[in-house]
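Note sheet for the following structure.
The values are calculated or read from the model by the stated rules, or taken from the named source; none is laboratory data. Source: prediction; values computed, not measured. Heads up, the Cβs are rebuilt from the backbone with ideal geometry, glycines too, and the neighbour counts pull from every protein chain shown.
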Amino acid sequence: MSIATRRGDEGETDLLFGCRLSKSHPRVHALGAVDELNAALGPLRIAALRGETREVVSTLQPWLIALMGELATPPGLEEKYAAKHKPFESEKVAYLDEWVTKLEAGGALEFKGWALPGEAGVMTGAYADLARVACRRAERNVVDLIGTDQEVPNPEVMRFLNRLADVLWLLARWEEK
């Protein structure tokens, strides 16, 4: 099977379970933003100066693929998805909370006002900042679904994205040290 299915030539894309949506649909925007976040983590994973950064990123990337699965599940079919895939759970948020604590205790939080990405001249810090803003975009796109018929029912998705942006900010500062 070729990657070029031509099914998207008319401006629609597939979600799970045979559902198709416009490529401009808010759910597709959320799904694409998480995909962009995962791609933005790639350069950080490769170039990270610190083992902690590589450890966190290598854990996060498969989780983001799982998160994309939840976002690609049409409303009303969550149970069908959960029958084969474990939904996002609070343990993933707890993992990020642990990293916030570790990084802050390690000196990553020396808040002096707004961070200026790239100012320290450390490419991996800039990569982490790029991933952070991609994460915030994904978070905003998921928030856009709240109150609509496309709302993501799992509250851990929002908590995870919010906390992940915090961890990425700290990783950027950690890489710059």
Matching entry among Leu41, Leu77, Leu37, Leu71 (being within 30 Å of Gly11 (Cα to Cα), modelled with pLDDT under 95 and not charged (D, E, K, R)): Leu77
Residue list for the range 116-137, filter: in a helix (DSSP H, G or I), touching an Asp or Glu at 6+ places or on another chain (Cβ under 6 Å) and of a type in the set (Val, Ile, Thr): Thr124
Among residues of the range 121-142, those that are more than 13 Å from Val34 (Cβ to Cβ), modelled with pLDDT of 95 or more and out of contact with any helix residue (DSSP H, G or I) (no Cβ under 7 Å at 6 or more places or on another chain), counted: 2
Residue count for the range 65-93, restricted to those that are closer than 17 Å to Ala30 by Cβ, touching a residue at least 60 places away in the same chain (Cβ under 8 Å) and not in a loop (DSSP other than H, G, I, E, B): 5
Residue in the range 150-162 that is out of contact with any Gly (no Cβ under 7 Å at 6 or more places or on another chain), of a type in the set (D, E, K, R) and part of a helix (DSSP H, G or I) present: yes
Residue in the range 138-148 that is part of a helix (DSSP H, G or I), surrounded by fewer than 23 Cβ atoms within 10 Å (Cβ to Cβ), of a type in the set (Val, Ile, Thr) and without any contact (Cβ under 8 Å) to a residue 60 or more places away in the chain present: yes
Pair list, Cβ < 6 Å and 6+ apart or interchain, from the range 154-177 residues that are within 17 Å of Glu55 (Cβ to Cβ) to residues that are surrounded by 22 or more Cβ atoms within 10 Å (Cβ to Cβ) and acidic (Asp, Glu): Ala172/Asp129
Test: residue in the range 9-29 that is without any contact (Cβ under 8 Å) to a residue 60 or more places away in the chain, basic (Lys, Arg), under 30 Å from Asp129 (Cα atoms) and not in a helix (DSSP H, G or I): yes
